[in-house]
1. Within region 109-136, which residues are in a strand (DSSP E or B) and in contact (Cβ under 8 Å) with a residue 60 or more places away in the chain?
2. Of all residues in region 203-259, count the ones that are out of contact with any helix residue (DSSP H, G or I) (no Cβ under 9 Å at 6 or more places or on another chain), at pLDDT 90 or above and of a type in the set (Ser, Thr, Tyr).
3. Exactly one condition in (1) part of a helix (DSSP H, G or I); (2) in contact with a helix residue (DSSP H, G or I) (Cβ under 9 Å, 6 or more places away or on another chain); (3) in contact (Cβ under 8 Å) with a residue 40 or more places away in the chain is false for residue 344; which is it?
4. Could you give me the residue pairs with C-beta distances under 7 Å whose first residue belongs to region 390-403 and is under 22 Å from residue 423 (Cβ atoms), whose second residue is outside any loop (DSSP other than H, G, I, E, B) and among the hydrophobic types (A, V, I, L, M, F, W, C) wherever it lies, and which are 6+ apart or on separate chains?
5. Given the criterion over 30 Å from residue 553 (Cβ atoms) and in the same structural domain as residue 550 (by TED's automatic domain parsing), identify the matching residue among 475, 526, 511, 502.
6. In region 480-515, what count of residues is obtained for those that are free of Cβ contacts under 8 Å to residues at least 12 places away in the same chain and in a strand (DSSP E or B)?
7. Considering (1) at pLDDT below 95; (2) among the aromatic types (Phe, Trp, Tyr); (3) farther than 19 Å from residue 308 by Cβ, say which one residue 535 fails and leave the rest.
8. Being closer than 22 Å to residue 547 by Cα and over 21 Å from the mean Cα position of the chain (by Cα), is that true of even one residue in region 282-294?
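The values are calculated or read from the model by the stated rules, or taken from the named source; none is laboratory data. The model shown is predicted, which means the values in this text are computed figures rather than measured ones. Cβ placement follows ideal geometry from the backbone for every residue including glycine, while neighbour counts extend to all protein chains displayed.
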Amino acid sequence: MNIKNSILLRVRLAFLFMLVFTIGIIYRIVVVQQVEGEKWTALADQITYKVRKVNATRGNIYSDNGSLLATSLPFYKVAFDPEIPSKELYNNGLDSLSLLLSKFYKDHNKNWYKQKINDARLANKRYLILNRKQINYQEKKEMSEWPIFREGRLKGGIIFEKVDKRFRPFKNLSYRTIGYINEEERGIVGLEYSFNKQLSGKDGEAMYQKMVGRNWKPIYDGTEVKTEDGWDIQTTLDVNLQDVTESALLRSLEDHQADYGTAVVMEVATGEIKAMSSLSRNKKGNYFERYNYAVGRQGLTEPGSTFKLATMIALLEETNISLNDNIDTGNGEYKFYNNTVRDHHEGGYGIITIKEAFEKSSNIAMAKLVDKHFGLKPEKFLEYVDDLKLSQPLGFQLYGEGKPKIIHPEDKEWSGITLPWMAYGYGLELTPLQMLALYNAVGNNGKMIRPIIVKSAKKADQVKEVYETVVLNEKICSDETLSKIQLMLEGVVERGTANNIKNDHYSIAGKTGTSQILENGLYTRKYITSFAGYFPADNPKYSAIVLIKNPKGSKQYGSNVAAPVFKEVADNIYARDIQMHEALSKNVEPQYGFFPVVQAGYRNDLTLLCNELGISNHSDIDDNWVRASIKSNSLQWKTTYHKENFVPNVMGMTLRDAIYLLEKRGLIVNYKGFGRVKNQSLTIGKKINKGDRILIELS
């Protein structure tokens, strides 16, 4: 075969191969289009079109007076279908639209937006994201009036995709208690999680088309399933009291560099939680609400001496002991088998009455009394613990409540020292909220009620669910025992371990607690400090508990770490609740010829007050902050020292004015007492350094 024939053969073979290949392609096209067309069309639709969930608008969370604690605000993603507008509408409005987009987003010029939209229209794009920035409702209304967009979705091609964002008007106030949600708008912790069913509503459905860049464009084809908005829930939280509680707790944690702390304030008669705060320290040393130690499992701790209340109830109910009976506590150390019980007081208390033993918080006295009267029948002591609802969770409305850990005689951990140790709050674990429920019951004339934090769930103005107070124990003890333990709790503040928070304005009843922290099976020299109680003691309105873990420094007891926080919160409540104040005697006669107590403050307020009372007042200075001096029969305003960046003179001012002026200069303010400022710890005119603290005393 010559070369010519060889080449010709190869060409013919190549042509034949191409012919067969072409015929195969044509055949396959016919099969795909005609025979398998429906199959592949359905598969394409499955990939390109999809029914997706549309989240319902989440319900609001309100405080006790209707203040918003959490709400969902509408934001919008802005997209555009450039094929929808007619040629005339598009050409007439594109320049103006591009200019407005440039001015609104301030990231690109007019020509950039015009080119972007033109390119999308020429490429037959049906879904163009104009900008990744989401807009709010007012901005959406403004944008809806722009050229092309004003024709709406069907004629103008504008697409506003609603995206709800959870907003907290009070920022991080009660952050962990209120809780937060994930990207799917489901509650993760706190009220957001515990009441997710009520808040979340009913999600809807809509058809979406998958576009370039993995974006999904909504297709409004009439098959949409509408959403049902979530219900609103009204809590029992008092915003002002929550703020005071968090601030007082934070100051104490920072002062003592503690690991974490928790504080809860409850209304005695109703069981309504008015404030609940838990703050713990992160790696940077800052405190924030990460976990609810008042309620959750991680908040289970050995209660220490606050548990002595339960011990005394059991003793008084079961035996005929008298509060005036004597008990020998020795030199402060007492052995049970090979283990030693110690009192905090160096050298011990010697022989004291049972009442004094409780007020001074003698561990030895409690251990000896319980061992004597319940040593042969520990089950009986534990029956009282059960009756006081300390052995089971309270059934609180927040999910994740810790379950108490209490050892029983049949448990392998039980030993001869278990019962004496339990008498003063060791060898068992409870949550702070459980201890508060017990102290609240004492203040509530013996009736124990389950704490409550949510009162109702509503849809618009229609109440859907009401959550009522549940009585856990109609009477925790006899009236005789109740009066005795109330007397002892008042004695703790009057004469005992918490006498540092005694005051002349209202009475407090409560108990301090200090327990060592158990690590790796051994008790360390680290402590959990606490104070639980109620006030006013003679007519209880509020109960509260404060617990602070591992305070550093010289102050490591419940009396000087936790109790002052309780006092600060109680002082604030007393100052705000006029019904707690004692009325002045009716026979008090006015003393004519004296000016009212006007010392210093904001000039406009003082001038208004004097004018209303008909008191002559005048001044030759132009200053907002003034001091009063008497001149003849009138008051004359003089300037008070308040130079920028220097410590101002707040002597004689009210607490409100003093705090405003001091914090405006960047000072961290602590205060004690009532009335007007009589002393300030920093010298007037001293240069202020960042982080400086000042203590003001009121009288």
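1. 129, 135, 136
2. So the count comes out to 1.
3. Unmet for residue 344, out of (1) part of a helix (DSSP H, G or I); (2) in contact with a helix residue (DSSP H, G or I) (Cβ under 9 Å, 6 or more places away or on another chain); (3) in contact (Cβ under 8 Å) with a residue 40 or more places away in the chain: (1).
4. Close Cβ pairs (under 7 Å, with a partner that is outside any loop (DSSP other than H, G, I, E, B) and among the hydrophobic types (A, V, I, L, M, F, W, C)) amount to 390/310; 390/430; 390/438; 391/385; 391/406.
5. Numbers: 526 fails: over 30 Å from residue 553 (Cβ atoms); 511 fails: over 30 Å from residue 553 (Cβ atoms); 502 fails: over 30 Å from residue 553 (Cβ atoms).
Step by step, each of 475, 526, 511, 502 is checked, and only 475 is over 30 Å from residue 553 (Cβ atoms) and in the same structural domain as residue 550 (by TED's automatic domain parsing).
6. Looking only at that region, the number is 0.
7. So the condition that residue 535 fails would be (1).
8. Checked region 282-294: no residue is closer than 22 Å to residue 547 by Cα and over 21 Å from the mean Cα position of the chain (by Cα).
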